[in-house]
1. Name the pairs whose Cβ atoms lie under 6 Å apart, with the first residue in the range 69-98 and under 23 Å from R57 (Cβ atoms), the second aliphatic (A, V, I, L, M), and 6 or more positions between them or separate chains?
2. Could you look through the range 83-96, keep only residues that are touching a Ser or Thr at 6+ places or on another chain (Cβ under 9 Å), modelled with pLDDT of 90 or more and not in a loop (DSSP other than H, G, I, E, B), and pick out the one that is surrounded by the fewest Cβ atoms within 10 Å (Cβ to Cβ)?
3. Given the structure, is F141 modelled with pLDDT under 90 and either of a type in the set (F, W, Y) or touching an Asp or Glu at 6+ places or on another chain (Cβ under 6 Å) (or both)?
4. Among the residues of the range 6-18, is any loosely packed, with under 10 Cβ neighbours inside 10 Å, modelled with pLDDT under 60 and not in a helix (DSSP H, G or I)?
5. Being surrounded by fewer than 17 Cβ atoms within 10 Å (Cβ to Cβ) and charged (D, E, K, R), is that true of even one residue in the range 97-104?
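The values are calculated or read from the model by the stated rules, or taken from the named source; none is laboratory data. Remember, it's a predicted structure, so these values are computed and weren't measured experimentally. Backbone-built Cβ (ideal geometry, glycine too); neighbour counts: all protein chains shown.
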Amino acid sequence: MGLENAFGQVIEYYSRRSTPEPANGNLETKPRASQWPSNSRGNSIRSVSKKRARLNRQRAQATKAAREVDNTCHIKSPVCTGYFDAFHEVIKCSANGAIVPGSEKAKAQGQVFIRSCNPCNGYIEDNVAWAKENGYAKSRFEQDNHAD
């Protein structure tokens, strides 16, 4: 069997496997349920855990309430737009920092939430030295992890 023949068989196999084009001509179709990852019971895997979804809802509510009180960015980096988009956490979530203002975890670890525009938040991520100098970032090693 020549290489051309084998290649032709592969193309034929995959062309038969593909789903037919929809009647309305819309090529963007949702994958079949069997294409989504599933757990041992055959149910779809959650993209966000129930706990994280609850925290995200609480954070969204806190952000909305804070925006009604004061809609200005408090970071004032060189790329600042001046408008409050979301909170910036001084202790990052990856360092086990709290993400919900006013929560018990935030109070216990001394988490600081600063009103920030998205460009300022990105500037902090890109310029860590500047952020640490100005008090907008804290290393996981600088945290006070003592439970008093």
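1. H88/I114; V90/V112; C93/I99; G97/I91; A98/A106
2. Y83
3. In short, yes.
4. yes
5. Scanning the range 97-104 turns up at least one residue that is surrounded by fewer than 17 Cβ atoms within 10 Å (Cβ to Cβ) and charged (D, E, K, R).
Quick grid of which residues meet (1) touching a His at 6+ places or on another chain (Cβ under 9 Å); (2) on the phi > 0 side of the Ramachandran plot; (3) surrounded by 15 or more Cβ atoms within 10 Å (Cβ to Cβ):
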| site | (1), (2), (3) |
| --- | --- |
| R52 | no, no, no |
| R57 | no, no, no |
| A60 | no, no, no |
| K76 | no, yes, no |
| C80 | no, no, yes |
| G122 | no, no, no |
| V128 | no, no, no |
| N134 | no, no, no |
| S139 | no, no, no |
